[in-house]
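The values are calculated or read from the model by the stated rules, or taken from the named source; none is laboratory data. Quick caveat: nothing in here was measured; it's all calculated off a predicted structure. For neighbour counting, all protein chains shown are included, and Cβ atoms are generated from backbone atoms with ideal geometry for every residue, glycine included.
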Amino acid sequence: MTSAVLAPDGPAANRRSARGGLPLTPVSGLGLGVAMLWFSLLVLIPLAAVVVTASQGGWGGLWQTVTNEQTAAAIRLTVGTAALVTLVNIVMGTLIAWVLVRDRFAGKRALEILIDVPFALPTIVAGLVLLSLYGPDSPLGVNVANTRAAVFLAFLFVTLPFIVRTVQPVLAELDPEIEEAAASLGASRLTTFRRIILPSLTPAIAAGAALSFARGISEYGSLVLLSGNLPMRTEVASVRILSSIENDNPDSAAAVAVVLLTISFAVIVVLDLVQRRVVRRG
Amino acid sequence: MSIEIANVGKRFGGFVALDDVSVSIPAGQLTALLGPSGGGKSTLLRIIAGLERADTGRVEIDGVDATSLPPQKRNVGFVFQHYAAFKHLSVRRNVAFGLEIRKRPKADIRNRVDELLALVHLEQFADRLPSQLSGGQRQRMALARALAVEPTVLLLDEPFGALDAKVRKELRDWLRRLHDEVHVTTVFVTHDQEEALEVADEIVVINEGRVEQIGPPDELYDRPANDFVMRFLGPVTQLGGLLVRPHDLQIHAGDGKPAAVPGRITRITRVGFEIRIEVTTNAGQVVAVTLTRNEFLALGLHDRASVHLTVAPDSPTVATTSRPRASASASLAASR
């Protein structure tokens with residue numbers, strides 16, 4: 001018997017994990033330093049500044065700003081629509097990625113490129129496009145100007161590529177033999193998708209969803225023209241921040257920013273947790 | 001649990017992968033589909049599994065016509081060359097997959113999986129992910145996963161092809177022993193004639209989409225049906241119009257018997273215990289002869305020595321003109 005080879009490696013042998021830290025070499029130390037400095041200058045310090053500005057009026061002030069009727073409505077609309085759009089994108093983005101990877105059809109190359117248009121288009125141009133298509137002079141006879149549908153539409157437009165682009169490469173890398181193995185073990189197409197393919201795609205879907213959500217709640221350019229920015233109805237958080245600054249009230253602008261920041265962060269964390277769960281459950 | 005393959009044909013575009021193949025694979029045995037790459041053996045295996053559909057012909061598994069059954073309904077275990085592990089599932093969950101989707105009771109699944117993990121010596125790795133296993137371990141996991149659903153037949157597509165030579169040899173011995181324990185009708189595809197000769201009860205030699213010969217390893221080796229089988233199963237050399245194995249040639253120093261072919265030694269190479277001698281006959285043909293070291297020393301041969309060659313009695317030989325391949329494929333084309 002080949003027991004020597006078949007014997008376990010022992011739990012310790014394969015567990016030389018990087019966790020806990022080996023001492024850094026000078027080069028990787030320098031690398032880490034540069035990365036941290038860069039990250040601090042671009043992200044951490046500005047973020048901290050926003051938080052500091054927001055807290056200038058104390059927690060009470062912050063709370064007051066945020067619970068102001070008009071501001072709260074703007075935040076609710078923004079977060080709610082971004083969440084809804086992200087849910088739609090999870091389904092549609094995965095579907096489009098699937099079609100792009102698995103199917104062959106005329107015009108596939110063109111579609112591949114067109115998918116990125118919302119990425120590439122300056123958002124105000126996107127706003128202009130949406131206005132001319134779905135505004136008062138719509139050639140399609142669809143007028144959503146000054147309604148919440150306009151916000152939803154604008155979010156959908158600019159967030160379309162995120163999940164498609166994160167899922168597509170992962171799907172393309174999936175080994176067809178894995179699906180054949182599942183089939184020969186008796187799994188239907190649906191079971192194979194749910195138990196085998198979907199868990200493999202979940203990290204990519206989650207990453208795309210986080211990007212899509214974050215882009216949604218920060219969106220400005222593509223919706224200002226079409227939504228009309230009606231207080232309590234179609235005004236979104238970014239517009240609210242801008243009007244606070246225009247009214248010389250940076251504290252209140254920062255307070256809204258902090259709320260958005262917190263929600264964004266929470267969503268990213270939650271998506272990561274969900275993703276891990278789905279992957280583990282299979 | 002026999003498999004009957006009758007008149008199966010398969011084309012991929014203009015390429016004929018299988019051409020009217022009929023094989024019956026007996027129950028409970030370990031059968032090898034042996035042949036060069038691109039010869040159609042993997043296609044045949046995939047047709048048995050239902051992963052590929054035959055253009056023509058019938059497949060019967062255990063007396064049931066499976067020709068148009070989807071893979072899910074065939075109850076075959078399939079093992080892939082590159083493991084096809086479910087990467088996000090632990091070893092245990094991989095093995096349990098087929099049982100879980102059959103909605104077996106949890107306790108039953110647990111017991112069965114434990115049993116299988118013991119069978120493939122992976123008990124200690126049950127909670128690892130496939131990426132934390134070596135290639136050999138992954139393939140054993142794939143084997144346990146395929147066996148979990150108690151398949152009617154077990155199909156292995158170049159199961160050891162991705163492994164290094166040493167692990168490959170060990171797994172091959174192990175598969176043979178496993179088969180002696182489990183007795184499930186097993187078909188495996190290989191392009192390695194040594195693997196087939198060593199492990200299989202029965203070998204089906206497939207080349208260019210056709211079956212060249214079917215039989216137990218000894219029969220194939222000792223009585224090859226044609227020059228292809230002869231060449232594919234081991235080293236050959238040509239003496240006159242005969243294909244013969246280099247170790248079946250006898251070499252005589254000096255003047256030989258009347259039937260012997262005279263020549264001169266033009267090269268001697270030693271590889272371990274084996275001596276490879278190149279003899280150029282008086283007719284100008286270069287013939288390879290292999291001897292053991294002891295035989296070589298006993299004969300007292302040296303470079304440039306004149307010798308005579310004979311074929312050892314009862315050795316397998318095939319006339320090189322037994323089946324000119326060009327005309328065979330020409331007649332095939334004409335019949336279409």
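Which pairs have Cβ atoms under 9 Å, sit 6 or more apart or on different chains, and link a residue in the range A:141-152 that is free of Cβ contacts under 8 Å to residues at least 60 places away in the same chain to one that is outside any loop (DSSP other than H, G, I, E, B)? Once the first residue is free of Cβ contacts under 8 Å to residues at least 60 places away in the same chain and sits in the range A:141-152, its partners that are outside any loop (DSSP other than H, G, I, E, B) give A:142/A:133; A:142/A:134; A:143/A:134; A:149/A:134.
Scanning the range A:43-74 for residues that are crowded, with 20+ Cβ neighbours inside 10 Å and β-branched (Val, Ile, Thr) returns A:65, A:71. Within the range A:19-69, the set of residues being among the charged types (D, E, K, R) and under 22 Å from residue A:252 (Cβ atoms) comprises A:69 only.
Can you tell me which residues in the range A:167-177 are without any contact (Cβ under 8 Å) to a residue 60 or more places away in the chain and either part of a helix (DSSP H, G or I) or of a type in the set (S, T, N, Q) (or both)? A:169, A:170, A:173, A:176, A:177, listed by residue number. Scanning the range A:173-198 for residues that are of a type in the set (D, E, K, R), surrounded by fewer than 19 Cβ atoms within 10 Å (Cβ to Cβ) and either within 9 Å of chain B (Cβ to nearest Cβ) or farther than 18 Å from residue A:278 by Cα (or both) turns up A:173, A:175, A:177, A:179, A:189. The residues in the range B:138-168 that are assigned to a helix (DSSP H, G or I) and under 19 Å from residue B:181 (Cα atoms) can be counted, and the count is 10.
Which residue is modelled with the highest pLDDT, if the candidates are limited to the range B:68-91 and must be under 17 Å from residue A:182 (Cβ atoms) and more than 11 Å from every other protein chain (Cβ to nearest Cβ)? So the residue we want is B:91.
Would you check if residue B:182 is more than 14 Å from chain A (Cβ to nearest Cβ) and either of a type in the set (Ser, Thr, Tyr) or touching a residue at least 24 places away in the same chain (Cβ under 8 Å) (or both)? Taking the combined requirement at face value, the residue satisfies it.
Counting only strands (runs of 3 or more DSSP E) wholly contained in the range B:1-119, the ones carrying 3 or more residues that are within 30 Å of residue B:194 (Cβ to Cβ) and in contact (Cβ under 8 Å) with a residue 40 or more places away in the chain occupy B:3-12, B:15-25, B:30-34, B:76-79. When the range A:99-141 is filtered for residues that are exposed (fewer than 12 other Cβ atoms within 10 Å of the Cβ) and part of a loop (DSSP other than H, G, I, E, B), the ones remaining, listed by number, are A:103, A:104, A:105, A:106, A:107, A:122, A:136, A:137, A:139, A:140, A:141. Residue pairs whose Cβ atoms lie under 7 Å apart, separated by 6 or more positions or on different chains, with the first residue in the range A:57-73 and closer than 23 Å to residue A:230 by Cα and the second among the small types (Gly, Ala, Ser), are A:65/A:252; A:65/A:255; A:66/A:72; A:66/A:255.
Being on the phi < 0 side of the Ramachandran plot and within 12 Å of chain A (Cβ to nearest Cβ): is that true of residue B:160 here? No, not satisfied.
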